[in-house]
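Novice: Provided herewith is a single structure, encoded as structure tokens, for subsequent inquiry.
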Amino acid sequence: MEKNLPKKRFGQHFLIDKNIAQKIVQAVDSGKTKSNLILEIGPGKGVLTEYLLQTKDQYLGIEIDKVLAKALEVRFSHYNNFSLITGDFLNIDFEKTLRVNKSENCSVIGNIPYNITSPILFKLFDNGDLVEHAVLMM
């Protein structure tokens, strides 16, 4: 059985401190004014996800790692406000994703890999009219 160790090819690093996770979620919640969709880039093992789902906002995670995505589905699928895309954040169509989730904009959160920080930031800038607020850790 795989222990879900970080995979170098994805630049993974997992947030494990629940106290820090709660503070990060508070930062996302305090910065929102109108968005009702929280988009998490690379939820990994779901430490942030656990607290984000408690906000009652609609949650959408985008996880590239199929093993982690399956574990997230098993762990959180009973939440009505949970949805997940298994795929690469850099390849999602923002407008279509928001339309499917019945939202005009979103708040973005992520503990993102250092090696793809620039492409992620450029994608967010390119879709700035759809992103109300972002909290990113690198």
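The values are calculated or read from the model by the stated rules, or taken from the named source; none is laboratory data. These numbers come from a predicted model, not from an experiment. Here the Cβ positions follow ideal geometry from the backbone for every residue, glycine too, while neighbour counts run over all protein chains shown.
Novice: For the range 63-92, give me each residue that is among the hydroxyl-bearing types (Ser, Thr, Tyr) and either in a loop (DSSP other than H, G, I, E, B) or farther than 11 Å from Pro43 by Cα (or both).
Specialist: Ser77, Tyr79, Ser83
Novice: Confirm whether Gly110 is out of contact with any strand residue (DSSP E or B) (no Cβ under 6 Å at 6 or more places or on another chain) and not β-branched (Val, Ile, Thr).
Specialist: No; evaluated as a whole, the condition is false for this residue.
The rows are residues; the columns are (1) in contact with a helix residue (DSSP H, G or I) (Cβ under 8 Å, 6 or more places away or on another chain); (2) among the β-branched types (Val, Ile, Thr); (3) modelled with pLDDT of 80 or more; (4) part of a helix (DSSP H, G or I).
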residue: Met1; (1), (2), (3), (4): no, no, no, no
residue: Arg9; (1), (2), (3), (4): no, no, no, yes
residue: Lys23; (1), (2), (3), (4): no, no, no, yes
residue: Asp29; (1), (2), (3), (4): yes, no, no, yes
residue: Ser35; (1), (2), (3), (4): no, no, no, no
residue: Gly61; (1), (2), (3), (4): yes, no, yes, no
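Novice: Six or more apart or on different chains, Cβ atoms under 8 Å: show the pairs whose first residue is in the range 58-80 and within 21 Å of Leu98 (Cα to Cα) and whose second is among the hydroxyl-bearing types (Ser, Thr, Tyr) and in a strand (DSSP E or B).
Specialist: Matching pairs, first to second residue: Gln58/Ser83; Tyr59/Ser83; Leu60/Ser83; Gly61/Ser83; Glu63/Thr86; Ile64/Thr86; Ala69/Thr86; Tyr79/Tyr59.
Novice: Moving on to the next point. Please find, within the range 117-127, the residue that is farthest from Pro43 (Cα to Cα) out of those that are surrounded by 11 or more Cβ atoms within 10 Å (Cβ to Cβ) and out of contact with any helix residue (DSSP H, G or I) (no Cβ under 7 Å at 6 or more places or on another chain).
Specialist: Asp126
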